[in-house]
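As structure tokens, the structure follows; a few thoughts come after it.
Read the figures in this text as sums done on the coordinates, not as results from a lab. Computed from a predicted structure; not experimentally measured. Counting neighbours? That spans all protein chains shown, and the Cβs are built from the backbone with ideal geometry, glycine included.
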Amino acid sequence: MQTASFWEKQNGDKVKCFLCPHNCVIPAGKHGICKVRVNDNGALFSSIYGETTGVGLDPIEKKPLYHFFPGSQILSLGTNGCNLSCTFCQNWQISQTGSTERYKLSSDSAVKLALKESAIGIAYTYNEPFIWFEYVLETAKKAKQSGLKNVLVTNGFVNPAPLNELLPYIDAMNIDLKSISDEYYLETCNGKLASVKRTIETAVKRCHVEITNLLVTGRNDSEKELMELTDYIFSLDKEIPLHFSRYFPLFRATEPATPVLTLQNAAKIASCKLSYVYTGNLEDEKSSTLCPSCRTELIRRKGYSIEASGILH
Ligand code: SF4
């Protein structure tokens, strides 16, 4: 185990972790809400440092990032745990239960692997990367020194200090905005909307950002909510790409999979104000990036492959 950052001693042998807005107070021998930061004899440790549960070479479009080195491959790393507990989690086997199949991968080996595979960089993805803070920071620094890009795929539920410490090494983020309703965040995810908005508002000033909204049938797909979500992103920058992602009933959620029509309607609503709106997690997915002025097709996508015939080099 590796000593954790962002914690302080409390009375007795308790510790307080302030990596994320849960600010867990953790008794000795116990872990925080994320299940991976552990109080061992009055000190906080990361139990997942240098341990991965998934390593893959993914198309950047899979993150999804559509406006960041389109058509490139990125080394993708994930581990166990999450600081939210969304009832619909699409990656619950690693985020909530935790896989017993773990593979050690030092930060040096991760960088070497990315270079060997000619990846543009490293994506910290599959589960929530901020709870893997110590490893992500160390790897991101080394990756940057080697000329690689760093990408976070995150729920955005993090405190400002760790966010600001990591941001200088991060080139792009895909941030989940699961809903524009605080009740939804509280009841469905055990999180807080305000903290996620704060992360988005900080990140858009510092690196490339795209936003993903998982549309859960009957839960966050009303026209009113979609208009509010669109207005919020528009208030930041209408050029921020927004991805509406299809939900499937997994983990504890029982609502039926998002109808394709719901995704198309959501995209129609958001497109009234935002320049780049996409639908994703669909079978036989086809989506294009159009010039917002003349509507010329710049990039055509089919699944995760792209054709950039509309871009003049
Ligand atoms: S990172 Fe984990 S232990 Fe720390 S405050 Fe968040 S949930 Fe609690």
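Brief remarks follow.
- Here segment 199-313 is treated with +1 on each Lys and Arg Cβ and -1 on each Asp and Glu Cβ, and its dipole about the Cα centre works out to around 140 debye.
- Take every pair of alpha-carbon atoms less than 8 Å apart whose residues are at least six positions apart; their mean separation over the length of segment 38-185 yields a relative contact order of 22 percent.
- Cα-Cα P(r), segment 2-46, percent of pairs per 5 Å interval: 6, 31, 41, 20, 3
- Distance cut-off 23 Å, percentage of C-alpha pairs in segment 185-313 lying past it: 38
- Only one residue of THR139, ASN159, ASN220 has its Cα farthest out toward the positive end of the dipole of the chain, where Lys and Arg carry +1 and Asp and Glu -1 on Cβ, and that residue is THR139.
- DSSP-loop GluC sites (Glu not before Pro) across segment 240-301, with at most 11 other Cβ within 10 angstrom: GLU283
- Rough spin-label spacing in nm, given labels placed 7 Å along Cα→Cβ, for LYS238 and GLU51: 4.9
- Unit charges on C-beta of K, R, D, E only; dipole of the chain, Debye: 400
- Inter-part distance where segment 78-140 and segment 264-309 are each reduced to a Cα centre, Å: 28
- Hydrodynamic radius (Kirkwood) for segment 51-307, which is based on Cα pairs only, to one decimal in Å: 18.5
- Among THR125, THR154, THR100, residue whose mean-square fluctuation peaks in a GNM of the chain (springs only between Cα atoms under 10 Å): THR100
- Bridge type composition, segment 51-307 - antiparallel percent by DSSP, nearest 5: 40
- For LYS62, the aspartates and glutamates whose Cα falls under 19 Å of its own Cα, not counting residues fewer than eight places away in the same chain, are GLU117, GLU128, ASP171, ASP176, GLU210, GLU283, ASP284, GLU285, GLU307.
- The mean sequence distance of close C-alpha pairs (under 8 Å, at least 6 residues apart), as a share of the length of the chain, puts its relative contact order at 13 percent.
- Mean Cα-pair separation over length for segment 2-46, i.e. relative contact order, pairs under 8 Å, 6 or more apart, %: 36
- Result for the chain in a Gaussian network model with C-alpha springs under 10 Å: among LEU214, LEU242, LEU57, the largest mean-square fluctuation is at LEU57.
- When the charge dipole of segment 2-46 is built from unit charges on Cβ atoms (+1 for Lys and Arg, -1 for Asp and Glu) and taken about the Cα centre, the candidate among TRP7, VAL25, GLY42 whose Cα reaches farthest toward its positive end is VAL25.
- Between segment 12-32 and segment 144-165, the C-alpha centres lie 22 angstrom from each other.
- The alpha carbon gyration tensor of segment 174-216 gives principal lengths a ≥ b ≥ c with a/c of 1.5 or higher and a/b no greater than b/c, which makes the shape oblate.
- When CYS89, CYS294 are arranged by Cβ crowding within 10 Å, least crowded first, meaning fewest neighbours, the order is CYS294, CYS89.
- Prolate/oblate/rounded label for segment 26-66 (Cα gyration tensor, a/c 1.5): prolate
- Cβ charges +1 (Lys, Arg) and -1 (Asp, Glu), total dipole of segment 56-126, debye: 100
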